[in-house]
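Trainee: Below is the structure I would like to discuss, written out as structure tokens.
Just so it is clear, none of the values below were taken in a lab; they were calculated from the coordinates. Keep in mind that this is a model prediction, so the values were computed, not measured. Reconstructed Cβ throughout: ideal geometry from the backbone, glycine too, with neighbour counts over all protein chains shown.
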């Protein structure tokens, strides 16, 4: 009887994990707001003259001061684990959950616009006064979640392929 109890207990503990499918992401958690450390990067007011991600990708040169607006997403996991870094997507693209009859489980991946996505997304890295990426997950640092619209201010950084990273010194989260 003792081994039967152990077997039943093991089944009950494992049961919730059986229904988690491959390739699905859990629903985003509600944002809790910035941490005490994150408050230093939060802007009180939305910066003026923000460019969409697509335009910033087209216009910004390496080292330019930029202000970019976009929604957090662009991948099933738009976060860089253990760093204050994440992907943003131009507001011109609609996430899958804003399309009629779409049951996408991770609408922030913009899989419905996979062809346009490469020219409509950028990386954001929240950097300290020395230009180093803050080593705290952006979700904890700033209380962010997928599909939030953010306006980031900082310096443009280009890689060899022309991808844009914003080395952000400030962030405003639209309500």
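Trainee: Radius of gyration and Dmax for segment 93-175's Cα atoms, expressed in Å?
Mentor: My reading of the Cα-based Rg and Dmax gives 14.6, 47 Å.
Trainee: What ranking of 68, 134 emerges when the number of other C-beta atoms within 10 Å of each C-beta is taken as an exposure proxy, fewest first?
Mentor: With the fewest neighbours first, 68, 134 line up as 134, 68.
Trainee: Round to a whole angstrom and tell me the spacing of the C-alpha centers of segment 145-170 and segment 73-124.
Mentor: 14 Å
Trainee: Counting other beta carbons within 10 Å of each residue's own, what order do 145, 175, 61 fall into, fewest first?
Mentor: With the sparsest Cβ surroundings first, the list reads 175, 61, 145.
Trainee: Next question, about the same structure. For all pairs of alpha-carbon atoms in segment 32-173, what percent lies in each bin of width 5 Å, listed from the first bin to the last filled one?
Mentor: P(r) for segment 32-173, in whole percents per bin: 2, 11, 21, 24, 20, 13, 6, 2, 0, 0.
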